[in-house]
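The values are calculated or read from the model by the stated rules, or taken from the named source; none is laboratory data. Only a predicted model underlies this, so the values are computations on that prediction, with no experimental measurement involved. Cβ: placed from backbone, ideal geometry, glycine included. Neighbour counts: every protein chain shown. When the accessible area is computed, the model is the full protein with side chains, heavy atoms only, and any ligands, DNA or RNA have been set aside. Shrake-Rupley method; radii C 1.70, N 1.55, O 1.52, S 1.80 Å.
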Amino acid sequence: MKALLLEDDPILSKEVISFLKTMSIDCDAVFDGDLFLKQIKITNYDIFLLDINVPKLNGLDVCKKVRESNSDVPILMLTAYRDIQDKMDAFTVGADDYLVKPFHFDELYMRIMALLRRSGLPQDKKEFLVIKDLEIDIKEAKVKRNGISIDLTPKEYQLLLILANAKGKILSKQAIAEQIWDIQFESNMNTIEVYINFLRKKIDKEHPEKLILTRSGFGYYLNV
């Protein structure tokens, strides 16, 4: 799946792109409305993420112009404007959903998935990741091992996807931390160990073959 982000804050833009990548969503970004309208003419996207207060053409005007072309691509507004009138203005010009900054990245992901389900668009070109007897249903964000469903929190699911997409490559704590932006890992890398242990209890505990492995001094990887 591919998203286009309109955001003039370079730090937030980078964080959103990195987070969505860990969730198997490709994301391009532009910092002003004129560039956004040019970009959608050269690339097809499955969802648009729009800030309102951006240079040149603002997010509301961009939304209106997109809808004038009869585009049915879902539009999610990401903005610091929280007044009810701001939300009414956004929905009036064609927005499908509205998320106020600062937001939790897990909620961003769930809002995106909800919009795609309602629109009937495919949520990901790869619907499944299969590693031995572990199956990850990307479309539904569900996990099974040996046919048995496993309940994961959004953070655990995100971490599992990071490891699965690495396809057996060892990921250091720092590499994992850089892809999970809404927790301050810089001050406590042990948080990663905690989540790895959570995953192991749910993924590996009941099975003789362990999938989540550690290479001491290097990091973590999946036994593919």
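Miscellaneous remarks
- Boolean, Asp9 is among the charged types (D, E, K, R) and surrounded by fewer than 20 Cβ atoms within 10 Å (Cβ to Cβ): yes
- Among the residues of region 20-33, some residue qualifies, meaning at least one is of a type in the set (Gly, Ala, Ser) and more than 28 Å from Ile176 (Cβ to Cβ).
- Selected residue (criterion: surrounded by the most Cβ atoms within 10 Å (Cβ to Cβ)) from residues of region 50-70 that are without any contact (Cβ under 8 Å) to a residue 12 or more places away in the chain and assigned to a loop (DSSP other than H, G, I, E, B): Ser69
- Meets criteria (among the hydrophobic types (A, V, I, L, M, F, W, C), modelled with pLDDT of 90 or more and open to solvent by 90 Å² or more (accessible area, probe 1.4 Å)) for Met77: no
- For region 48-97, a residue qualifies if it is in contact with a Lys or Arg (Cβ under 7 Å, 6 or more places away or on another chain) and either farther than 18 Å from Leu108 by Cα or not polar (S, T, N, Q) (or both), and the qualifying residues are Leu76, Leu78, Ala80, Val93, Gly94, Asp97.
- Of all residues in region 78-106, those that are closer than 21 Å to Val16 by Cα have Cβ atoms under 6 Å from Cβ atoms of residues that are open to solvent by 70 Å² or more (accessible area, probe 1.4 Å), 6 or more apart or on another chain, in Val100/Arg82.
- Selection within region 104-134: residues that are among the acidic types (Asp, Glu) and outside any helix (DSSP H, G or I). The member of this set that is modelled with the highest pLDDT is Asp133.
- Residue that is most open to solvent (accessible area, probe 1.4 Å) [pool: residues in region 135-166 that are assigned to a strand (DSSP E or B) and within 11 Å of Leu199 (Cβ to Cβ)]: Ile150
- Hey, Lys38 open to solvent by 50 Å² or more (accessible area, probe 1.4 Å) and in contact with a Gly (Cβ under 9 Å, 6 or more places away or on another chain) or not: no
A quick yes/no check of all residues on (1) under 17 Å from Leu222 (Cβ atoms); (2) β-branched (Val, Ile, Thr):
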{"residue": "Asp133", "(1), (2)": "yes, no"}
{"residue": "Ile136", "(1), (2)": "yes, yes"}
{"residue": "Val143", "(1), (2)": "yes, yes"}
{"residue": "Ser149", "(1), (2)": "no, no"}
{"residue": "Leu160", "(1), (2)": "yes, no"}
{"residue": "Ala164", "(1), (2)": "yes, no"}
{"residue": "Ile170", "(1), (2)": "yes, yes"}
{"residue": "Ala177", "(1), (2)": "no, no"}
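- Just one residue in the set Lys101, Lys87 is more than 15 Å from Ala3 (Cβ to Cβ), over 14 Å from the mean Cα position of the chain (by Cα), open to solvent by 60 Å² or more (accessible area, probe 1.4 Å) and not aromatic (Phe, Trp, Tyr); that residue is Lys87.
- Out of Leu99, Leu49, sole residue that is closer than 30 Å to Glu140 by Cβ, at pLDDT 95 or above and not hydroxyl-bearing (Ser, Thr, Tyr): Leu49
The rows are residues; the columns are (1) in contact with a strand residue (DSSP E or B) (Cβ under 9 Å, 6 or more places away or on another chain); (2) at pLDDT below 90; (3) closer than 28 Å to Ile112 by Cβ.
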{"residue": "Ile148", "(1), (2), (3)": "no, no, yes"}
{"residue": "Ala175", "(1), (2), (3)": "yes, yes, yes"}
{"residue": "Glu178", "(1), (2), (3)": "no, yes, yes"}
{"residue": "Glu186", "(1), (2), (3)": "no, yes, yes"}
{"residue": "Lys205", "(1), (2), (3)": "no, no, no"}
{"residue": "Ile212", "(1), (2), (3)": "yes, no, yes"}
{"residue": "Gly217", "(1), (2), (3)": "no, yes, no"}
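- Listed by first and then second residue, the pairs with beta-carbon distance under 8 Å, at least 6 apart or on different chains, first residue in region 5-29 and among the β-branched types (Val, Ile, Thr), second in a helix (DSSP H, G or I) and open to solvent by 40 Å² or more (accessible area, probe 1.4 Å), are Thr22/Asn165.
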